[in-house]
Amino acid sequence: MTLLDVREDDEWAVGHAPGAQHIPLGELPGRLDEIDLDRDLYVLCRGGGRSEKAVQYLEINGIEATCVDGGMIAWVAADRPVVRDDGSPGGVR
């Protein structure tokens, strides 16, 4: 599975899901070749709005993807881990 985080750089820096791939929504059109299409693709953002837009864009371009309902807010509420790039505990803002 690939977990694609489409939040902005400053949001990512505060915290993200371990192992997630980061491509901000605005950069997605120019970076499609970086996504592993051989694995199931799940997309998330802070609350779900941007990830829904990303999934729509991906599907228009023939890439199957699933939006993670509730985004990072739901991720944290489900007690899933959030880390910073250095591996220390992170958060969501």
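The values are calculated or read from the model by the stated rules, or taken from the named source; none is laboratory data. All values derive from a computational prediction rather than experimental measurement. Because the Cβ atoms are built from the backbone with ideal geometry, glycine has one as well, and the counts that use them run over all protein chains shown.
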Looking at the stretch 44-65, which of the residues that are polar (S, T, N, Q) and loosely packed, with under 14 Cβ neighbours inside 10 Å is nearest to Val92 (Cα to Cα)?
-> Gln56
Qualifying positions in the stretch 45-71 - touching a strand residue (DSSP E or B) at 6+ places or on another chain (Cβ under 6 Å) and among the aliphatic types (A, V, I, L, M) | Ala54, Val55, Ala65, Val68
So which residues in the stretch 45-93 are over 14 Å from the mean Cα position of the chain (by Cα), within 26 Å of Leu32 (Cβ to Cβ) and touching a residue at least 40 places away in the same chain (Cβ under 8 Å), if there are any at all?
-> Asp85
Which members of the stretch 66-86 meet the condition of being at positive phi and loosely packed, with under 11 Cβ neighbours inside 10 Å?
-> Asp79
Leading residue by the ranking (surrounded by the most Cβ atoms within 10 Å (Cβ to Cβ)) among those in the stretch 5-43 that are touching a strand residue (DSSP E or B) at 6+ places or on another chain (Cβ under 8 Å) and closer than 13 Å to Ile63 by Cα = Val43
From Val55, Val83, Val92, Val43, which residue is touching a Pro at 6+ places or on another chain (Cβ under 6 Å) and not hydroxyl-bearing (Ser, Thr, Tyr)?
-> Val83
Could you name every one of the helices (runs of 4 or more DSSP H) located completely within the chain that has at least 3 residues being in contact with a helix residue (DSSP H, G or I) (Cβ under 9 Å, 6 or more places away or on another chain) and modelled with pLDDT of 95 or more?
-> 49-60
